[in-house]
Amino acid sequence: MMLTVESVLAGQLLRHANEVRRLALAATQGRYSWLEQYLRGRTEATGLLREVVTNHGWPTYWLVGATASDAALYLLLEATALHFQRQCRELIAAAVAGGLTPPGHLTCIDHVISVASGEPPRYAGHPRSFRSPAPVSPSSAGGRQAPPKTTRMEGVAS
């Protein structure tokens, strides 16, 4: 099997996402040392994702495969840098518009950014599926509706 840049990126994203998930679960066990490791792992994973995005654009299904692209989204959702999340949101929107990433990725990051910004969430609870989130109904959201399925972002490289 020949190693490619894409396969190496995919492997790194998957390893970091799995490690952050493992540490997040361990941190819920109440031991402070696990929480420190989780926070450190999350910071390292965000750094990796930032480097990938800077050098290669958003890790789309086309670039790294479905599982690694989902892992990248997980790392983005775990990131604490709202500015970075907003930058990636623009790249994800362009990738969705180009058919390179499922619309659910945009839905998830929109939801997380809304909640982190103190705005009302656009979706009921946290969208559990990257592919089929449930929008908040207009009757329960004061007239708000789900965002459009795709948004073309001009001048944003993916």
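The values are calculated or read from the model by the stated rules, or taken from the named source; none is laboratory data. Bear in mind that the values here come from a model prediction, so they are computed numbers and not experimental data. Glycine also receives a Cβ, built like all others from the backbone with ideal geometry; neighbour counts cover every protein chain displayed.
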message = So N55 ticks every box in (1) under 18 Å from L9 (Cβ atoms); (2) crowded, with 21+ Cβ neighbours inside 10 Å but one. Which box is left unticked?
response = (2)
key: Residues of segment 9-36 satisfying the condition of being farther than 20 Å from A68 by Cα and either assigned to a loop (DSSP other than H, G, I, E, B) or in contact (Cβ under 8 Å) with a residue 24 or more places away in the chain (or both)   = T28, Q29, G30, R31
task = Exactly one condition in (1) surrounded by fewer than 14 Cβ atoms within 10 Å (Cβ to Cβ); (2) modelled with pLDDT of 95 or more is not met by F84; state its number.
result = (1)
key: Condition broken by A72, with the remaining ones in (1) part of a loop (DSSP other than H, G, I, E, B); (2) crowded, with 22+ Cβ neighbours inside 10 Å; (3) of a type in the set (A, V, I, L, M) satisfied   = (1)
task = Select from segment 68-81 the residues that are closer than 14 Å to G104 by Cα and of a type in the set (S, T, Y) and write down the one among them that is nearest to the chain's Cα centre (by Cα).
result = Y74
inquiry  = Which of the numbered conditions does W58 fail, given that it passes all the others? Conditions: (1) outside any helix (DSSP H, G or I); (2) without any contact (Cβ under 8 Å) to a residue 40 or more places away in the chain.
reply    = (2)
message = Quick check on L39: is it part of a helix (DSSP H, G or I) and over 15 Å from the mean Cα position of the chain (by Cα)?
response = yes
note = The correct count of residues that are surrounded by 14 or more Cβ atoms within 10 Å (Cβ to Cβ) and farther than 21 Å from L76 by Cβ in segment 1-34 is 2
request  = Give the residue that is modelled with the lowest pLDDT, with candidates limited to residues of segment 87-107 that are under 24 Å from G11 (Cβ atoms) and of a type in the set (G, A, S).
outcome  = G104
request  = Could you list, in sequence order, all residues of segment 97-117 that are of a type in the set (G, A, S) and in a helix (DSSP H, G or I)?
outcome  = A97, G104, S114, A116
